[in-house]
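First up is the structure itself, then whatever we jot down about it.
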Amino acid sequence: MKVFLRDDVKNLGKIGDVVSVSDGYARNFLFPKKLAVEANTKNIKEFEHNKKIIHERAAKIRGASQATAEKLSALSLTIRAKAGEEEKLFGSVTTMDIAEALKAEGFEIDKKKISLEEPIKRLGEYSVEVKIHPEVSASVKVHVVAESSD
């Protein structure tokens, strides 16, 4: 039986492939798990249409992510932290602190999308990578300044 894969199947093929499988494998495994549909002209046309819609939607999302990345790259955050001698911080500035500072600026970014090589433990200026989309990332300038003890 020829089937059209709706998802990647290990050792069989990738999404969109038309493959030959035994009738039992198709009926008992692929069809119930919605991993494949029978390869007839109706199903192939439907998949081509859905694929076009998915590509258009992905392009829109990528465009919006690109615009957000440009805004983030122009942004400069200032984070106040308690510091001691030699500009060392008490504690550190983490991705959670940066996410909160971004939220205050109007950007809702998950802390898991912010990458720091290591936690910031000194005063100064740092460049932080923010992954907005799997294909789009931005670099945000973060200034860590001493908290005034007024």
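Brief remarks follow.
- Here K2 is the anchor, and the aspartates and glutamates within straight C-alpha reach of less than 12 Å, apart from those fewer than 8 places off in the same chain, are D17, D23, E38.
- In degrees, nearest ten, helix 41-74 long axis to first principal axis of the chain (Cα): 10
- Among the listed options (1) 135; (2) 146; (3) 105, the one matching volume of the Cα convex hull per residue in Å³ as calculated from these coordinates is (2).
- Of K60/K121; K10/K51; K52/K131; K51/K103; K14/K103, pairs whose Cα-Cα distance is over 28 Å: K60/K121; K51/K103; K14/K103
- Rounded to the nearest 20, the Cβ-based charge dipole of the stretch 19-150 about its Cα centre (Lys and Arg +1, Asp and Glu -1) stands at 840 debye.
- Efficiency of FRET between L123 and K2 - r from beta-carbon atoms, R0 41 angstrom, step 0.05: 0.05
- For A39, distant residues with modelled amide H under 5 Å away: K2, V3, F4
- Within the listed set K34, K82, K71, the Gaussian network model of the chain (springs between alpha-carbon atoms below 10 Å) gives the highest mean-square fluctuation for K34.
- Residue of A67, A59, A26 that the Gaussian network model of the chain assigns the largest fluctuation, springs spanning Cα pairs under 10 Å: A26
- Listed residues T68, T41, T78, most fluctuating in the chain (Gaussian network, C-alpha, under 10 Å): T41
- Nearest-ten-degree value, helix 95-104 long axis tilted from longest Cα axis of the chain: 90
Bear in mind these aren't lab numbers, they're just calculated from the coordinates by the rules spelled out. Just so we're clear, the structure is a prediction, and the values are computed from it rather than from any experiment. So basically every Cβ, Gly included, is an ideal-geometry build from the backbone, and we count neighbours across all protein chains shown.
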